[in-house]
Amino acid sequence: MDKLKKVLSGQDTEDRGGLAEVVEASSLSWSTRIKGFIACFAAGIVCSLLGTLLLWVPRKGLYLFAVFYTFGNIASIGSTVFLMGPMKQLKRMFEPTRLIATIMVLLCFALTLCSAFWWHIKGLALIFCILQSLALTWYSLSFIPYARDAVKKCFAVCLA
């Protein structure tokens, strides 16, 4: 009824879609967000560790490693959705400062799973898992001010 009063009185001038209503209806308390973050992040770590342990299984070990490692990393990144919310997370992921890092992470996720399931090339799956780790590190550093510049300078000094 209040919504109708606002619309009729002209106070509610913004046209909000169904997505905005869903986001408002599913807002969580801060303690629930922290619990969700911890649970999702812990699940991601468990998946990554399980994948590392499954690496030594004969025949299918590398495939299992690639899948569990990738799903673990996806869960770890997804855990921050609990802290920021889904829309803010997507906006921050695709900001110009971390656009290339985000694309590389998502591309490495996809290529790891493709090499494990469709191409069946173990060595390529392992290479993409390594690239996935590097891309995730670079992506994570983009959230820390001047961290990527510091890493670049360290590598420049080490290689010079």
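Okay, here's what the table says:
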quantity	calculated
Solvent accessible area, Å² - L113, 1.4 Å probe, full protein context	30
Exposure of M87 as accessible area (Å², to 10), given a probe of 1.4 Å and all protein chains	90
Whole-Å semi-axes of the stretch 35-160's equivalent ellipsoid (Cα gyration tensor)	26, 20, 13
Solvent accessible area, Å² - C114, 1.4 Å probe, full protein context	40
Carbon plus sulfur fraction of accessible area for the stretch 96-160, probe 1.4 Å, in percent	80
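The values are calculated or read from the model by the stated rules, or taken from the named source; none is laboratory data. A quick note: this is a predicted structure, and the numbers were derived from the prediction, not measured. Areas reflect the complete protein model, heavy atoms only, side chains present, ligands, DNA and RNA absent. Shrake-Rupley method; radii C 1.70, N 1.55, O 1.52, S 1.80 Å.
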